[in-house]
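Report on one structure; see the data block that follows.
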Amino acid sequence: MVRALEDIIVNTTPSSDSVEMSFLQLYMESIQDLLAPEKINIPIVEDAKTGEVSVPGATVVKIQDLDHFLQLLQIGEANRLAANTKLNTESSRSHAILMVNIRKSVKNDEETDSSFQEKDSKTDRHGNQMPIVRKSKLLIVDLAGSERIDKSGSEGRLLEEAKFINLSLTSLGKCINALAENSPHIPTRDSKLTRLLRDSFGGSARTSLIITIGPSSRHYPETTSTIMFGQRAMKIVNTVKLREEFDYENLCRKLETQVEHLTVEVDRQQKFRANDRMAMEKKLRECQKSFTEAERSIVARSEVLEKENSRLVSDMEKLLEELNFQKQQINSMKNENLKLESDLKNNKLLEKENGRLKLELENVLKDIIRDKNHKKFLQDEVARLEMSLKHSKQQQSENSSYQKVLAENTQMYEKKITDLMKQLQDERARSESAEQQLELMKEQLPGLQELMQHHQKEASMYQKELADTTLMYEEKIAQLEQQLKEEHARVENAKEQLHAIEEQFTDHETSTKIQREKESDALRSKLEEMHHLYEPTVKELQALKTEYQALLSEKIELHDELHNVRQTLLMEEKQRKAAENELFNIKKFVPESEDGFEEKKSYVKQYTPSRSFNMHRSTESRERIFAHQNTMSKIIEEVGVQKIISLLSSVDLDVQIHAVKVVANLAAEDSNQEKIVQEGGLDALLMLLQSSQNATILRVASGAIANLAMNEMNQGLISSKGGAQLLANTAVKTEDAQTLRMVAGAIANLCGNEKLHTKLREDGAVKALLEMARSGNIEVIAQVARGLANFAKCESRGTIQGHRKGRSTLMEDGVLKWLTTNSNNTSSSTRRHIELALCHLAQNEGNARDFVSSGALDEIIRISNESSREDIRNLAKKTLKLSSTFKAQIKA
């Protein structure tokens, strides 16, 4: 499967081709989805026109790359049903079907052998090349092997599964026989397997059939029938047909992408114009804001000047009135002075008065002089106002220059508008070409006509919107011209403010000169310091150069070391390949489906003191035992136990799985167990239990530990290394019935060693046994019953020998209740173990009260009368006779 998908992915391109897969299993004539286990009983649909068979309810996944396929394959394999039989540790209970659908586009220059696609049919009526797609379907079927019930030992559910497997394989054989004999009727509807594979035999597909046989003489009849089956299948002749058709979906997708590209282009142009409009509006808002601010400042300044002017006018009027009043006073004083001069001669008092008047006149003259100075101040103010009028005339001349600048700006905006009009014309030309393409698309695909009309309407709307936006921009440009004129006045005001700033700048320059002189002095001092520091820096630079050369030499040494590491990695890669080759040699000797490794080693010596209470050996033929022993001996001779155990720590999961299977089969023989333990095989198996998450590895590793636990010395090692606790943890984290059976078998073997009882209870192994019984699986319950029987037997032996007293520790774990509940189990082996466990627990006088209170005494009485085994009946009767508590209770 992996190699086929790798070849397909290499020969396809992800951009134009698609590879989709479904993974199914046919289990008891029911199609189930391995990628979605909740989908069961999926129906098969047959196309009435083409006759093509499909499974529409199955999950279809598009494969991205080989890693993605490997993940899906691993998920499907994990969901596939398998069971442990006498012939196979992982016997497939269903047929696995991988369905891969491939769509590959055919290039224009590629020649095809199909008759219905000629050169004229590859082009439409306009001469355009039509895309062609080639469809293929790959079916890879892993058929479950046919079973002989007497050899596989299947019973219960496994027996029903074997019936359906043989039924579907028989139907497949009938169809192949009918095709080989050219029969007019092919019974493809007898089974769902033959319905799914109808095209593979006698259809339009290339078909390959791989049959597998066993070299053992024990399987001679199956080998013969399998070879005859393949020989008949070789007579079938298939007629291969190439499935090619026009890829209307790809063409439609291309047209849709073109339409989407055009709509994106239109949206981009629209966003570009919207951005321009937003920028212009932002500039307009800024101009308006600056204009309103300038207008407010001008209005405020004009109001201040008007108030100042009115105040000066009123002051001048007051001064004129005071001057006129003072002139009148002076004239009157002159007249009085003449009179006083005439009277001075006659009257000295009048002279004194005259002197006083002179002093007053001097004061008045001083006031007049002061008034003249004030008049000069007014004249200066008038001169200043005249200067401001001259400045306003100059500003008018500057306004004319700003108008010229405005005219140049208008010309620039007109050029931009012409450029925009050219762009609009280009866009209109593009839209016309797009309309021509759309007309061709309409002729090819009538279903797209309405969509094209809708886009044409939108294009006309966009053109109208563009015309409206151009008109709006022209109006805004005119408004901008007006705003520029108004802004001119604000610029004049700014010039006045600049003049004031220049005066401040001159003052600032004088202050900065002083600061610069100070900074120059500081820089000189810093330069002197840098000069002093120059020499040590040169020395440091030389030291750094030497360090750099040393680092270069270290780099060369590291490069050499890296080269050596690469060489060692290559050597390790060669060793890994050699290990894989050794594993391949192992696979030659050990079949892919290993026989049941746990059942190859029987739980013998049921009542001997050195061995635990175990199940009876399954009846195997001598030929099979000898063949198995020869195979294992060849593996040990050619590969070696140490190399096989080293493969348990391999990074490759498949290598690990095969290595664990080989170790498990080796552990089934007593002669190999010591070598496995000495070479670290037990430690490696316990490490796999602790670290691995793979269900197969956990199952097989537990079985291998179960085989090693048959030896009393190995039991102590397993317990001391924490094996019981690891087995209990494995039972908690898995739900697979076969894994639970292996774990329960291993713990059951450890329960046969009385020295380990305390450790087993501390590690939770006894509780794990009872928890595993809740799975409901018959085989798991049988192993649980066997473990409890071993535990109880060791306790009863210790009680009889006198080195153990008191109530059984199993009573605290609720074992007695479980035994009485399951004592009527349908399985004979399970019932036998439970009866033995009850009898051994009843031999301890400390447990008598528990037996009476729980009703287990009735079960002992029933066993003594109804048990199918005579030895168990005798043991129950002996227990009833020896216990005084039981005698008194029976009498009562």
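General observations
- Selection count where residues are in a helix (DSSP H, G or I) and farther than 23 Å from K877 by Cβ, scope region 816-840: 3
- Test: residue in region 295-317 that is closer than 30 Å to M472 by Cβ and open to solvent by 100 Å² or more (accessible area, probe 1.4 Å): yes
- Whenever a residue of region 209-230 is in contact (Cβ under 8 Å) with a residue 12 or more places away in the chain, its partners that are of a type in the set (A, V, I, L, M, F, W, C) and surrounded by 11 or more Cβ atoms within 10 Å (Cβ to Cβ), lying with C-beta atoms within less than 6 angstrom and at least six residues away or across chains, give the pairs L209/A233; S216/A627; T226/I211; T226/I213; G230/I211.
- Within region 154-201, the set of residues being hydroxyl-bearing (S, T, Y), within 24 Å of N41 (Cα to Cα) and surrounded by 15 or more Cβ atoms within 10 Å (Cβ to Cβ) comprises S168, S171, T188, S191, T194, S200.
- Here V264 passes the criteria (1) open to solvent by 80 Å² or more (accessible area, probe 1.4 Å); (2) over 26 Å from M472 (Cβ atoms); (3) among the hydrophobic types (A, V, I, L, M, F, W, C) except the one numbered (2).
- All conditions but one from (1) part of a helix (DSSP H, G or I); (2) open to solvent by 90 Å² or more (accessible area, probe 1.4 Å); (3) modelled with pLDDT of 85 or more apply to S208; the one that does not is (1).
- Just one residue in the set T257, T223 is open to solvent by less than 90 Å² (accessible area, probe 1.4 Å), assigned to a helix (DSSP H, G or I) and over 30 Å from S208 (Cβ atoms); that residue is T257.
- Subset tally (residues that are out of contact with any Ser or Thr (no Cβ under 7 Å at 6 or more places or on another chain) and either open to solvent by 20 Å² or more (accessible area, probe 1.4 Å) or not aliphatic (A, V, I, L, M) (or both)) for region 758-792: 16
- Checked against the criterion of being at pLDDT below 80, closer than 30 Å to G776 by Cβ, among the charged types (D, E, K, R) and open to solvent by 10 Å² or more (accessible area, probe 1.4 Å), region 853-867 has no qualifying residue.
The values are calculated or read from the model by the stated rules, or taken from the named source; none is laboratory data. Keep in mind that this is a model prediction, so the values were computed, not measured. Cβ: placed from backbone, ideal geometry, glycine included. Neighbour counts: every protein chain shown. Keep in mind that these areas ignore ligands, DNA and RNA; they rest on the heavy atoms of the full protein, side chains included. Shrake-Rupley method; radii C 1.70, N 1.55, O 1.52, S 1.80 Å.
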